[in-house]
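The values are calculated or read from the model by the stated rules, or taken from the named source; none is laboratory data. Computed from a prediction, not measured in an experiment: that's the story for all the values here. Every residue, glycine as well, gets a Cβ built from its backbone with ideal geometry; the counts of neighbours run over all protein chains shown.
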Amino acid sequence: MDEGGLARDPGAVAVIESALIFEVVRDARARGEKDSVLADWRRRIDRVIVVTAPDELKIARYAARAIPSDAVEGSLEAIEADARNRLVHQVPDAEKIAQADYVLDNSGMLRGCARRSKPSGRGCATRATNPASRRLYNKSCGRG
């Protein structure tokens with residue numbers, strides 16, 4: 001839907017999937033941009049959902065997707081090293097969580113998380129209860 005459609009329908013929802021929202025803002029500001037679209041990117045988005053999992057699980061999932069079926073010895077280690085390098089250059093989850101409106105804990109099986117995420121607000125998806133701090137702690141997916 002174009003921007004005009006959103007203006008005509010106040011109930012319309014536009015979804016942007018972007019794995020690097022926070023990195024775009026960080027990098028724009030590091031370049032000295034203050035008022036550019038990129039430096040202001042997060043404030044242009046009404047709600048942000050951060051999907052989080054432990055780094056080792058992220059690395060394992062990345063490797064499982066990236067390793068070719070005809071991989072040679074040493075391929076897994078190279079792919080895992082690539083994943084670690086990517087993580088080093090990302091904003092840490094703790095910082096993303098502090099700026100998020102919702103947090104989706106993806107540290108378990110997807111099917112189980114979907115069952116635990118109910119409209120009641122309990123489950124893997126947690127909404128910020130304190131918009132000023134936007135700090136969320138998810139204790140419902142077997143963590144804490």
(request) May I ask you to list the residues in the stretch 32-58 that are farther than 26 Å from Ala83 by Cβ and of a type in the set (D, E, K, R)? (result) Glu33, Lys34, Asp35, Asp40, Arg43, Arg44, Asp46, Arg47
(request) Take Asp27 and decide whether it is at pLDDT 80 or above, not in a loop (DSSP other than H, G, I, E, B) and not β-branched (Val, Ile, Thr). (result) yes
(message) What are the pairs with Cβ atoms under 6 angstrom where one residue, in the stretch 77-103, is touching a residue at least 40 places away in the same chain (Cβ under 8 Å) and in a helix (DSSP H, G or I) and the other, located anywhere, is of a type in the set (Asp, Glu) and exposed (fewer than 14 other Cβ atoms within 10 Å of the Cβ)? Sequence gap at least six, or different chains.
(response) none
(request) Filter the stretch 1-24 down to residues that are at pLDDT 85 or above and β-branched (Val, Ile, Thr) and give me whichever is nearest to Glu95 (Cα to Cα). (result) Ile21
(request) Considering only the stretch 52-67, state which residues are of a type in the set (Ser, Thr, Tyr) and outside any helix (DSSP H, G or I). (result) Thr52
(message) Out of everything in the stretch 68-92 that is within 22 Å of Ala30 (Cα to Cα) and not hydrophobic (A, V, I, L, M, F, W, C), what residue ends up being farthest from the chain's Cα centre (by Cα)?
(response) Asn85
(message) From the list Arg134, Arg115, exactly one residue is outside any loop (DSSP other than H, G, I, E, B) and at pLDDT below 85. Which is it?
(response) Arg115
(request) Please identify the pairs in which a residue from the stretch 58-73 that is farther than 22 Å from Gly108 by Cβ has its Cβ atom under 8 Å from the Cβ atom of a residue that is in a helix (DSSP H, G or I), counting only partners at least 6 apart or on another chain. (result) Ile67/Ser75; Ile67/Leu76; Ile67/Ile79; Pro68/Ser75
